[in-house]
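The values are calculated or read from the model by the stated rules, or taken from the named source; none is laboratory data. These numbers come from a predicted model, not from an experiment. Every residue, glycine among them, receives a Cβ derived from its backbone with ideal geometry; neighbour counts consider all protein chains shown.
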Amino acid sequence: MPRPIPLEELALHDGRDGSSWVALDGEVYDVSEYAAGHPGGRMLELGAGRDATVLFESHHLGPGLDRARRVLGRHAQHLGPLPPDAREPPGDPAFFLAVRQRVGEHLRQRGLHFRSRAWITVLGAAAATALFLVAWWLRIFAGSWLAAVASGVLLGRLGLAMHCGNHGAAGRSRRLNATLGTLMDFAGGSSLVWSIEHQVSHHGRPNVLGHDNDCEIAWPALRFHPGLPHRPWHRIQVLTLLVGLSIGLLKWTVSDLVHLAQGRVGHAAFHASRRAWAKVIAFKALWLVMHVALPVMLLGPAKGLTTSLLMMVIAAYIMEGTFVVNHIQGGLVPPAGMHWAAQQVVGTSNWRSGSHWANVVSGGLNHQIEHHLFPTMPIHLYPTIAPVVRATCEDFGLPYHDHPSYLQAALGTARFLHGLGRPPVVARDEASTPAPPP
């Protein structure tokens, strides 16, 4: 009988020595030889050395999940179980099975499948890249302030395309998804660090302290979760957030290097290979040439750096402003013991669900619930499946949080942060005060 594999031993096999182990449904497998030839090999790399159940189940759409389980049994070496105290409670999978089956049937009835319409994302990314390069040229060589603004808007759009690529939502091509994912490096960050922080940590258990780095990413400056300690300066955290969003992209240019050196992003450890380091350094150098060296040489230090800063601030507000309203809302803390798919629903919020226009503007992120359930699905399918997901949530008694507009979602975020910013004692006293008679 195979011996139990403790988490500490599993963590040692994160790919750094050519050995990749993953835990799926409480069982540990050696996927070292299989990972290199797997179409989603990069996802296996992200899961190496950890429990990859959520990655595995959420990234194999429809019948692909059943096929993946069969392939795993044939090509991966089963090493043994995790110890009982190291296993995440699996929860009831009934909702997950139902929503997957219903969405698949809904798509088939319309002549679609789980990978349809990916070409729209690819075409949009190509157009945005070409336009960004034109705007960058006009900013650098003509000193155009309008081009600096346009560069920021287009860079923000590229950030949303990057999100699709790193999730594998740009079609079946491994190379095409990797190319779109590299737009994160082009913007000054690191696609590897982003993938660990976002796909492993955030998507694994959204809004769960100790798992989701996004809950704690700004603490102690900001308090995004009721489980975090309160500090006096949180009283003005709505204003702090409005200002802080502007430096999101600039922060990545430095913080990603720190994370790579540490081999950790919050709660998620990882291994950065020499190839990963070379990629990061090359793109950091490219970023410095494009947005610091050339602007300063051609426009002078003041205008050169100011136009670059304007571009980065606008792009940051577009990207961060799109992400921030989906999880920083009241009532989005999932209880322990739920199946991962149910946790995605409880810990997530939509805005303008079903709207194709809002879907295009937000890069699919107004359909955050659908995205968390089907992260590799092309975003242009989300409005089509949203009614099915909503109805299935209702059938299983799960809340389908949906704001009528982005403005309403943003106001909800502001109200929630304002409430978290008040001293806890004051908040409790006010909550316990009986309402005045009508």
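Here are some notes:
- Residue within region 89-105 that is out of contact with any His (no Cβ under 8 Å at 6 or more places or on another chain) and modelled with pLDDT under 90 present: yes
- Single residue of Ser151, Ser191 found to be under 27 Å from Leu381 (Cβ atoms) and among the hydroxyl-bearing types (Ser, Thr, Tyr): Ser191
- Cβ-Cβ under 6 Å pairs, at least 6 apart or on other chains, region 377-401 side among the aromatic types (Phe, Trp, Tyr), far side surrounded by fewer than 23 Cβ atoms within 10 Å (Cβ to Cβ): Phe396/Phe95; Tyr400/Arg390; Tyr400/Cys393
- Of the helices (runs of 4 or more DSSP H) lying entirely inside region 27-105, those carrying at least 2 residues that are over 30 Å from Ala391 (Cα atoms) are 32-35, 41-47, 64-75.
- Count of residues meeting criterion [farther than 29 Å from Ala35 by Cβ, surrounded by fewer than 24 Cβ atoms within 10 Å (Cβ to Cβ) and not small (Gly, Ala, Ser)] in region 133-177: 12
- Considered as a group, the residues in region 266-283 that are within 13 Å of Ser191 (Cβ to Cβ) and surrounded by 18 or more Cβ atoms within 10 Å (Cβ to Cβ) include one that is modelled with the lowest pLDDT, and that residue is Ala272.
- Within region 114-132, considering residues that are more than 20 Å from Leu249 (Cβ to Cβ) and of a type in the set (Val, Ile, Thr), the one surrounded by the most Cβ atoms within 10 Å (Cβ to Cβ): Thr121
- Test: residue in region 217-231 that is in contact (Cβ under 8 Å) with a residue 12 or more places away in the chain and not in a loop (DSSP other than H, G, I, E, B): no
- Residues of region 349-388 classified as of a type in the set (Val, Ile, Thr) and either surrounded by fewer than 22 Cβ atoms within 10 Å (Cβ to Cβ) or farther than 20 Å from Leu55 by Cα (or both), total: 5
- Residue among Thr53, Thr129 that is modelled with pLDDT of 90 or more, hydroxyl-bearing (Ser, Thr, Tyr) and farther than 15 Å from Glu27 by Cα: Thr129
- Any chance Ala261 is assigned by TED's automatic domain parsing to the domain that holds Ile196, surrounded by fewer than 18 Cβ atoms within 10 Å (Cβ to Cβ) and either under 17 Å from the mean Cα position of the chain (by Cα) or not in a loop (DSSP other than H, G, I, E, B) (or both): yes
- Just one of the numbered conditions (1) modelled with pLDDT of 95 or more; (2) surrounded by fewer than 20 Cβ atoms within 10 Å (Cβ to Cβ) is not true of Pro335: (1).
- Being buried (at least 17 other Cβ atoms within 10 Å of the Cβ) and either without any contact (Cβ under 8 Å) to a residue 24 or more places away in the chain or in a loop (DSSP other than H, G, I, E, B) (or both) is true of His211.
- Test for Leu332: is it assigned to a helix (DSSP H, G or I), on the phi < 0 side of the Ramachandran plot and not charged (D, E, K, R): no
- Some residue of region 135-155 being part of a helix (DSSP H, G or I), in the same structural domain as Met311 (by TED's automatic domain parsing), charged (D, E, K, R) and over 23 Å from the mean Cα position of the chain (by Cα): yes
- With respect to the conditions (1) at pLDDT 90 or above; (2) among the hydrophobic types (A, V, I, L, M, F, W, C); (3) under 28 Å from Gly152 (Cβ atoms), Ala218 falls short on a single one, namely (1).
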